Amino acid sequence: MGIFSKLFGSKQDKDVQQHNGYHNLTVSSVQKLTEDSVKISFDIPNEIKSNYEFISGQYLTVIKSIDGEELRRSYSICSGPNEQLAIAVKKVPYGKFSNWAITNLNQGDILQVSDPQGNFKLDSNARFIVSFVAGSGITPILSMVKKLENEIADFRLFYGNKTSNSVMFKSDLEKLKNTKLTYAYSQEKVEGELHGRLTKEKITEIIKSDLNLLKADAYYMCGPEELILNAKSVLEMFGVSKDKIHFELFTTPVLMKQENTEAKEIYPGRTAVTVILDQEKIEFDYNAKDKTILEALNEKGFDPPYSCRGGVCCACRAKVLEGDMLMLMNYSLTDEEVKDGYVLTCQSHPTTDKIVLSYDA
Ligand code: FES
């Protein structure tokens, strides 16, 4: 158990084991944003302040035990660089953690929280940014907008919601000076705003009415998968290069789901595995076909980092130092990371009889 869990009082989640790489943070406020969403802010003790320096666009993973089940959920950071660290949680139908957080979480409670993670990062050199988001997809974008507010940047934000009452962070957004914000409401007509969902047709219309949007340095999309696909395909159709297009999925995709079909074979026998985790060497062998490396480590009682288990969040990233692995799905590592030997361990099986990988690299 880490030192911070010993320092804090009785509100700590006693049903959850203390996990490596997580800190016990006190909730400093829970602020209602809309009927079904809250902003959760955290106090960060001075001793670990440096752990929580983040790049706008990143997320935190939170661990909580509810009804005897340990849950891990990742939420984007919505705070700006000089604000108290905060995430936003929107209710998901039947979502155990989101429903609990909205109704039961209080100031003074303690949650286990990871360091900031994720590759959906603001390109700090970009001076003109265009963003298409919907619903809670605003969260990482708000952090980016706040970062750029004090720098000379032009931010064009198109934000889709059902109605004006379901807009998260409305008052924060309307205070922004360097951001030109356009709402699109699918179930309400509001004068001066767009009506309808951000479909391919709507995004095409938006761009055709202002071709300057094609001159942006970077494009950021966040929200439902369909919105991301719509914006991405329209931008590509207009000739925007892929390296300028960035997106963040909140769930494992259905429409763009793609299994790796390259000829590489999962090793048919037992693989000798060496894993470096928190500067410790772990050695074991297992049947590579049966389980991913993450599953094998969990089964043996080790505590490697992970969150979504679906190839989306990249919390389980590790570097292959020897041998080779087949990664079944990847929606979060960059091409550069893959080239450098990183894999998502929740998606990876060994393809060689020996493998060495490091979570610390
Ligand atoms: S745990 Fe999220 S990508 Fe592996």
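The values are calculated or read from the model by the stated rules, or taken from the named source; none is laboratory data. Keep in mind it's a predicted model, so treat the numbers as computed, not measured. Cβ atoms come from the backbone with ideal geometry, glycine included; neighbour counts cover every protein chain shown.
Some observations on this one:
- Scanning segment 269-305 for residues that are acidic (Asp, Glu) and either in a helix (DSSP H, G or I) or not assigned by TED's automatic domain parsing to the domain that holds Val320 (or both) turns up Glu295, Glu299.
- Per the conditions (1) more than 16 Å from the ligand (Cβ to nearest atom); (2) touching a residue at least 12 places away in the same chain (Cβ under 8 Å); (3) basic (Lys, Arg), the sole criterion not satisfied by Lys281 is (2).
- Any hit, segment 307-318, residues being touching a strand residue (DSSP E or B) at 6+ places or on another chain (Cβ under 7 Å) and assigned to a strand (DSSP E or B): yes
- Filtered by the rule that a residue be among the aromatic types (Phe, Trp, Tyr) and either more than 10 Å from the ligand (Cβ to nearest atom) or without any contact (Cβ under 8 Å) to a residue 60 or more places away in the chain (or both), segment 303-361 gives Tyr342, Tyr359.
- Residues that are β-branched (Val, Ile, Thr), more than 20 Å from the chain's Cα centre (by Cα), crowded, with 18+ Cβ neighbours inside 10 Å and more than 30 Å from His246 (Cβ to Cβ) do not occur anywhere in segment 278-288.
This table checks each residue for (1) outside the structural domain of Tyr183 (by TED's automatic domain parsing); (2) free of Cβ contacts under 8 Å to residues at least 60 places away in the same chain; (3) over 22 Å from Ser164 (Cα atoms); (4) in a loop (DSSP other than H, G, I, E, B).
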position: Lys202; (1), (2), (3), (4): no, yes, no, no
position: Ile206; (1), (2), (3), (4): no, yes, no, no
position: Leu214; (1), (2), (3), (4): no, yes, yes, no
position: Met221; (1), (2), (3), (4): no, no, no, no
position: Leu227; (1), (2), (3), (4): no, no, no, no
position: Lys232; (1), (2), (3), (4): no, yes, yes, no
position: Leu235; (1), (2), (3), (4): no, yes, yes, no
position: Gly239; (1), (2), (3), (4): no, yes, yes, yes
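- Among the residues of segment 318-352, those identified as touching an Asp or Glu at 6+ places or on another chain (Cβ under 9 Å) and within 11 Å of Thr271 (Cβ to Cβ) are Gly323, His349, Pro350, Thr351, Thr352.
- Members of segment 55-78 that are more than 22 Å from Thr251 (Cα to Cα) and touching a residue at least 40 places away in the same chain (Cβ under 8 Å): Gly68
- Glu174 meets all of the listed conditions (1) surrounded by fewer than 22 Cβ atoms within 10 Å (Cβ to Cβ); (2) at pLDDT 95 or above but one, namely (2).
- Every residue from segment 312-342 that is surrounded by 23 or more Cβ atoms within 10 Å (Cβ to Cβ) and in contact with a helix residue (DSSP H, G or I) (Cβ under 8 Å, 6 or more places away or on another chain): Cys316, Ala318, Met325
- Residue within segment 231-239 that is over 25 Å from Cys78 (Cα atoms), within 23 Å of the chain's Cα centre (by Cα) and crowded, with 19+ Cβ neighbours inside 10 Å present: yes
- Only helices (runs of 4 or more DSSP H) whose full extent lies in segment 88-188 are considered here, and the ones with at least 3 residues that are in contact with a Ser or Thr (Cβ under 7 Å, 6 or more places away or on another chain) and in contact (Cβ under 8 Å) with a residue 60 or more places away in the chain are 138-149.
- Single unsatisfied condition, Val145 versus (1) touching a Gly at 6+ places or on another chain (Cβ under 7 Å); (2) crowded, with 24+ Cβ neighbours inside 10 Å: (1)
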